[in-house]
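See below for the structure under consideration.
The values are calculated or read from the model by the stated rules, or taken from the named source; none is laboratory data. What you see is a predicted model; the values in this text were computed from it and never measured. Here the Cβ positions follow ideal geometry from the backbone for every residue, glycine too, while neighbour counts run over all protein chains shown. These accessible areas exclude ligands, DNA and RNA; they are computed on the full protein's heavy atoms, side chains included. Shrake-Rupley method; radii C 1.70, N 1.55, O 1.52, S 1.80 Å.
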Amino acid sequence: MFFGYYEHSIDAKGRLVIPSKFRNELGDIAYILKGFDGSLSIYKASEFEKLVNKINSLPFNKKDARAYIRIQLASTCELEIDKQGRVQIPSQLLSRYEIGKEVVVIGVSDHFEVWDKAKYDEYENQKIKDFDELGENLDEE
């Protein structure tokens, strides 16, 4: 399980050091794709396979499902973790999703997210104000 908050930098070659607590669970291969709310999501192989199975179960004859499938799978890239625990994030993903040099890596259970630090700070500042209400409303869904 992935959890926690880590501040990192992406180097000039687009490499990100994976937090050490995540490395052992991640394995040698990971998958990165568009996440929600401006983030990039990184999955270990077994969790990515579960995600793909869910995507494959979506009805491709439905407009929203087709759009979701296309965007998710078009943004997906395989990542190799090097001996220093780094992954190279493709430059087109960094630019397309506006991820700068200073990033935040947060664990969210079955995967972790990479956020532009300024964007995450803004997101967290907005959501933290409503944290109690967010928690109370979870049972209603």
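Of the listed requirements (1) open to solvent by 60 Å² or more (accessible area, probe 1.4 Å); (2) within 23 Å of ILE10 (Cα to Cα); (3) at pLDDT 95 or above, CYS77 misses just one: (1). Scan the stretch 13-67 for residues that are closer than 19 Å to PRO90 by Cα, open to solvent by less than 20 Å² (accessible area, probe 1.4 Å) and assigned to a helix (DSSP H, G or I) and the total you get is 1. Are any of the residues in the stretch 91-101 in contact with a Lys or Arg (Cβ under 9 Å, 6 or more places away or on another chain), closer than 18 Å to ALA45 by Cα, at pLDDT 95 or above and part of a loop (DSSP other than H, G, I, E, B)? Looking for residues that are in contact with a Lys or Arg (Cβ under 9 Å, 6 or more places away or on another chain), closer than 18 Å to ALA45 by Cα, at pLDDT 95 or above and part of a loop (DSSP other than H, G, I, E, B), one finds none in the stretch 91-101, hence no. Of all the residues in the stretch 88-99, those that are free of Cβ contacts under 8 Å to residues at least 24 places away in the same chain and either over 16 Å from LEU73 (Cα atoms) or surrounded by 14 or more Cβ atoms within 10 Å (Cβ to Cβ) (or both) number 1.
For the stretch 95-122, the set of residues classified as over 12 Å from the mean Cα position of the chain (by Cα) and over 19 Å from LEU16 (Cβ atoms) consists of GLU122 only.
Take the conditions (1) surrounded by 12 or more Cβ atoms within 10 Å (Cβ to Cβ); (2) in contact (Cβ under 8 Å) with a residue 60 or more places away in the chain; (3) within 16 Å of the chain's Cα centre (by Cα); GLY85 misses just one of them, which is (3).
Is it the case, given these coordinates, that LYS127 is at pLDDT below 95, closer than 28 Å to ASN24 by Cβ and more than 17 Å from the chain's Cα centre (by Cα)?
Values: at pLDDT below 95: yes; closer than 28 Å to ASN24 by Cβ: no; more than 17 Å from the chain's Cα centre (by Cα): yes.
No, not satisfied.
Any chance the stretch 58-76 includes a residue that's hydroxyl-bearing (Ser, Thr, Tyr), out of contact with any Asp or Glu (no Cβ under 8 Å at 6 or more places or on another chain) and within 18 Å of TYR6 (Cα to Cα)? No, every residue in the stretch 58-76 fails to be hydroxyl-bearing (Ser, Thr, Tyr), out of contact with any Asp or Glu (no Cβ under 8 Å at 6 or more places or on another chain) and within 18 Å of TYR6 (Cα to Cα).
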